[in-house]
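Q: The following block contains the structure, expressed as structure tokens.
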């Protein structure tokens, strides 16, 4: 199983959209922040502050970035980038396990 | 925010009961295994392999251990022990954030 080593993990999770998205915040030794999470099958819109790279560990989704008209499909092993101060719609078609990399 | 330091975290979560319980597995530097997770409001029955100590970080629940007839209430800041090779029923009345300590 793939691991992220040498991190501090928050005991309390982030629960979004009534639990359809649950993540735990991580801090690496160099101060870098990431999160590991799950999004259950659903269609949700997320706002971003910092730019994000979403690394998909398991599952499948369709992403529509703000300002784009067409959704793009992504699956386990792939990543997509989201600009800062933006938003994206995600349609999760198979429970998504992800690592979110910030900055 | 309370942290658990110096751990390896599994990128892929454990999803139980259609996502009503989601946890991420942790391994400490000395090899000790723990997990951090969330249980959404619901009534669920969990089976245990190893003995567990459930540390409640946020939320509220009522626990009925196998062989007991009465539920006991627990809330954030409290812990309860579950024997190995056993089971317990948990009624989560306010979304539960927990750390599970094994062994």
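Q: Scan the stretch A:79-103 residue by residue and report those that are within 14 Å of chain B (Cβ to nearest Cβ) and either buried (at least 17 other Cβ atoms within 10 Å of the Cβ) or within 21 Å of residue A:26 (Cβ to Cβ) (or both).
A: If the condition is that a residue be within 14 Å of chain B (Cβ to nearest Cβ) and either buried (at least 17 other Cβ atoms within 10 Å of the Cβ) or within 21 Å of residue A:26 (Cβ to Cβ) (or both), then A:79, A:92, A:95, A:96, A:97, A:98, A:99, A:100, A:101 are the ones that fit.
Q: Quick one: which residue in A:56, A:26, A:44 is in contact with a helix residue (DSSP H, G or I) (Cβ under 9 Å, 6 or more places away or on another chain), within 14 Å of chain B (Cβ to nearest Cβ) and either crowded, with 18+ Cβ neighbours inside 10 Å or part of a strand (DSSP E or B) (or both)?
A: Of A:56, A:26, A:44, the one residue that is in contact with a helix residue (DSSP H, G or I) (Cβ under 9 Å, 6 or more places away or on another chain), within 14 Å of chain B (Cβ to nearest Cβ) and either crowded, with 18+ Cβ neighbours inside 10 Å or part of a strand (DSSP E or B) (or both) is A:44.
Q: Might you let me know whether the stretch B:50-72 holds any residue that is more than 24 Å from residue A:22 (Cα to Cα) and within 13 Å of the chain's Cα centre (by Cα)?
A: yes
Q: Which number in (1) surrounded by 15 or more Cβ atoms within 10 Å (Cβ to Cβ); (2) out of contact with any helix residue (DSSP H, G or I) (no Cβ under 8 Å at 6 or more places or on another chain); (3) part of a strand (DSSP E or B) marks the one condition that residue A:12 misses?
A: Against the list (1) surrounded by 15 or more Cβ atoms within 10 Å (Cβ to Cβ); (2) out of contact with any helix residue (DSSP H, G or I) (no Cβ under 8 Å at 6 or more places or on another chain); (3) part of a strand (DSSP E or B), residue A:12 comes up short only on (3).
Q: Additional query: Across the stretch A:69-80, what is the total count of residues that are part of a strand (DSSP E or B) and over 17 Å from residue A:37 (Cβ atoms)?
A: Of the residues in the stretch A:69-80, 2 are part of a strand (DSSP E or B) and over 17 Å from residue A:37 (Cβ atoms).
Throughout, read-outs are computed from the coordinates displayed, never taken from laboratory work. The model shown is predicted, which means the values in this text are computed figures rather than measured ones. Using ideal geometry, Cβ is built from the backbone for each residue, glycine included, and neighbour counts are taken over all protein chains shown.
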